Amino acid sequence: MGTPVIAIANQKGGVGKTTTAINLAACLTVQRQNVLLIDLDPQANATSGLGVEKAQGQSIYRALLGEVQADTLVRPTAYKRLDIIASEVDLAGAEVDIARADNYLHRLKEALVPVTNQDRYDFIFVDCPPSLGILTMNALTAAESLLIPLQCEYYALEGLSVIIDLVEKLRTSGTNPGLRLEGIVMTMYDGRTNLSQAVVQDVYKHFGNRIYETLIPRTIRLGEAPSFGKPIIDHDRQSVGAVAYLQLAKEFLQRRGSEESRTFPFQDESPIAAAAEAEAAQPESSEELPQ
Ligand SMILES: Nc1ncnc2c1ncn2[C@@H]1O[C@H](COP(=O)(O)OP(=O)(O)OP(=O)(O)O)[C@@H](O)[C@H]1O
Ligand SMILES: [Mg+2]
């Protein structure tokens, strides 16, 4: 079967793609899942957000051009079970270079064969750039499913049809007939505002149970974690953001019907697992946004 590849995409900028990629991946390792995160965005936010140094020539770029095998680009992170293929600026040139190559939509899919064949990971996540350009199209061609982070804001639904239509086109054209919608994650939810609630209801009307029940709150801690190069469960394990992403990871696994989904506690030495165990022992956190 090969390892499931899940593209995290939304052509809108700043909606929580990278935050979700980093934190869902990290929280899945707490559930004993082995995860590879591919940073497909030349901005390299997932790379720096996990505290990984950019290294020249180590992005997926050369694998997309067929120059190296993708498995040679995999690097460990500070966290057990979580590996990364980092990004660096050379990826910015990929849009142009790949467009000229044969079979340009299938470049990532082909590049990943050495990794997906190894059965080394339970999931491979691809953090996409904020566009529907060639890099995102490659992610959607390589992916089994698409996970869309949607910000709880007034214009949340605007533009969503564009990416949904693209998925449909990739399916019907035969480029990726099996591509499906993994789910929609509502991010930056602020329960104190009517707007956030109204947006969730509105999206629910259109997409029903494709939306995860777990809502990701807008919190200071989630916003600052990348500047420490840490996933939220390492940065502040008691925060509501950490609880939310841990919950999202569980819901993600439950929805996929994975038998690997387990609950706390775990005997695991990694800081993330330790954080999660402590989390499980804690009462509800009371992190508040400043008024
Ligand atoms: N739940 C949240 N609470 C507070 N801040 C958040 C939250 N989610 C994301 N942020 C912050 O919002 C900004 C945008 O988030 P993020 O980088 O995850 O979005 P993105 O969709 O990947 O952006 P881009 O389109 O540029 O790749 C970042 O500064 C991030 O730290
Ligand atoms: Mg991003």
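The values are calculated or read from the model by the stated rules, or taken from the named source; none is laboratory data. All values reported here derive from a predicted model rather than from experimental measurement. Methodologically, a virtual Cβ is constructed for each residue, glycine included, from the backbone with ideal geometry; neighbour enumeration extends over all protein chains shown.
Listing for the model above:
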| item | result |
| --- | --- |
| Single unsatisfied condition, Ala70 versus (1) of a type in the set (Gly, Ala, Ser); (2) away from ligand 1 (no atom under 16 Å from the Cβ); (3) under 24 Å from Glu224 (Cβ atoms) | (3) |
| Unique residue being modelled with pLDDT of 90 or more, on the phi > 0 side of the Ramachandran plot and assigned to a helix (DSSP H, G or I) when the list is Gly223, Gly241, Gly208, Gly174 | Gly208 |
| Unmet criterion (only one of (1) surrounded by fewer than 23 Cβ atoms within 10 Å (Cβ to Cβ); (2) in contact with a Phe, Trp or Tyr (Cβ under 9 Å, 6 or more places away or on another chain); (3) closer than 23 Å to Leu73 by Cα) for Gln118 | (2) |
| Helices (runs of 4 or more DSSP H) wholly inside the stretch 1-118 containing at least 1 residues that are farther than 20 Å from Leu147 by Cβ, among the hydrophobic types (A, V, I, L, M, F, W, C) and away from ligand 2 (no atom under 16 Å from the Cβ) | 61-64, 94-99, 107-116 |
| Boolean, Ala9 is among the small types (Gly, Ala, Ser) and within 19 Å of the chain's Cα centre (by Cα) | yes |
| Yes/no for Thr3 being touching a Ser or Thr at 6+ places or on another chain (Cβ under 6 Å) and β-branched (Val, Ile, Thr) | yes |
| Within the stretch 226-238, considering residues that are away from ligand 2 (no atom under 16 Å from the Cβ) and assigned to a helix (DSSP H, G or I), the one surrounded by the fewest Cβ atoms within 10 Å (Cβ to Cβ) | Phe228 |
| Residue selected from the stretch 119-148 under the condition within 15 Å of Glu95 (Cα to Cα) and touching a strand residue (DSSP E or B) at 6+ places or on another chain (Cβ under 7 Å), by the criterion nearest to ligand 2 (Cβ to nearest atom) | Cys128 |
| Identity of the residue in the stretch 199-257, in contact (Cβ under 8 Å) with a residue 12 or more places away in the chain and among the hydroxyl-bearing types (Ser, Thr, Tyr), that ends up farthest from Ala78 (Cα to Cα) | Tyr212 |
| Within the stretch 129-148, tally of residues that are within 15 Å of ligand 1 (Cβ to nearest atom), farther than 17 Å from Arg180 by Cβ and not in a loop (DSSP other than H, G, I, E, B) | 1 |
| Some residue of the stretch 127-136 being under 26 Å from Ala244 (Cβ atoms), surrounded by fewer than 21 Cβ atoms within 10 Å (Cβ to Cβ) and over 15 Å from the mean Cα position of the chain (by Cα) | no |
| Leu181, sole failed condition from (1) aliphatic (A, V, I, L, M); (2) within 18 Å of Glu153 (Cα to Cα); (3) outside any helix (DSSP H, G or I) | (2) |
| Residues that are of a type in the set (Asp, Glu) and within 17 Å of Ala244 (Cβ to Cβ), drawn from the stretch 183-207 | Asp190 |
| Residue in the stretch 64-81 that is buried (at least 21 other Cβ atoms within 10 Å of the Cβ) and on the phi > 0 side of the Ramachandran plot present | yes |
| Residues that are under 15 Å from the mean Cα position of the chain (by Cα) and under 17 Å from Gln43 (Cα atoms), drawn from the stretch 214-229 | Pro226 |
| Filtered residues of the stretch 82-112 (kept if without any contact (Cβ under 8 Å) to a residue 12 or more places away in the chain and on the phi < 0 side of the Ramachandran plot) | Val96, Arg100, Asp102 |
| Every pair of residues 6+ apart whose Cβ atoms lie under 6 Å, when the first sits in the stretch 138-154 and is touching a residue at least 12 places away in the same chain (Cβ under 8 Å) and more than 30 Å from Thr193 (Cβ to Cβ) while the second is in a strand (DSSP E or B) and not hydrophobic (A, V, I, L, M, F, W, C) | Ser145/Arg180; Ser145/Glu182 |
| Filter pass, Glu110 being of a type in the set (Asp, Glu), surrounded by fewer than 24 Cβ atoms within 10 Å (Cβ to Cβ) and within 16 Å of ligand 1 (Cβ to nearest atom) | no |
